[in-house]
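No value in this document is a laboratory result; all are computed from the given coordinates. None of the values given here were measured: they were computed from a predicted structure. All Cβ positions, even for glycine, are placed from backbone atoms using ideal geometry, and neighbour counts span all protein chains on display.
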Amino acid sequence: MDTILKPVHTLALMFAGRLSRRQAAAIESHLAVNRLLLARVEGRLLLTDVERANLAVLGLAMGRDLLEENSLIVQPETILRWHRQLVAAKWTYKARSNPNRVGLMKTIKALAVKFAIENPSWGKRTPWSTFIKAHAASIAATGFFTTEV
């Protein structure tokens, strides 16, 4: 491999270095402005749920080291706790109360009884190997139906 950098590589490195310096300068400027504004705020800063969620997502992306250096309004542990709560809330589903649910359940039960009467062979004991062979294609295909929302 050629150890001499091609002009395109050199140009790319120069551009990346300049971009990195400009980003660092912008970040320092934003931190300075934040410190000035926080110095003028009296009392406790109240955040909305959306603001906490935004800080949690951004804070996790930064990582603990950068959070330790740059957290101005809350402790890094607080931001990480907010993120853990976001993740927990994502997988917690509350039951929905629906007044029509009782009627729906009666309809479902009636259909199940009707299917059982019309199909007397359903529900008989089937060996596991026979079941797997009969449904292998469907079982394999279900792996492609999951989507993270």
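General observations
- Contact order for the chain, expressed relative to its length and based on alpha carbon pairs under 8 Å spaced 6+ residues apart, stands at 15 percent.
- The lysine pair count for the chain, using Cα distances under 22 Å and pairs eight or more places apart or on different chains, is 4.
- Computed across region 47-92, the Kirkwood radius stands at 10.5 Å (inverse of mean 1/r, all Cα pairs).
- A DSSP coil position with no more than 15 other Cβ atoms inside 10 Å describes the following trypsin sites (Lys or Arg not before Pro) in region 1-81: Arg44.
- Sorted largest first, extent of region 6-50 alpha carbons per principal axis (Å): 57, 24, 6
- Estimated purely from DSSP H runs of n ≥ 4, each contributing -39500 (n - 2.57), the mean residue ellipticity at 222 nm for the chain is -23000 deg cm²/dmol once divided by its residues.
- Rounded to 10°, Cα long-axis angle of helix 7-40 versus longest principal axis of the chain: 90
- Option label - Rg/Rh (Cα atoms, Kirkwood Rh) computed here, alternatives [x] 0.93; [y] 0.96; [z] 1.27: [z]
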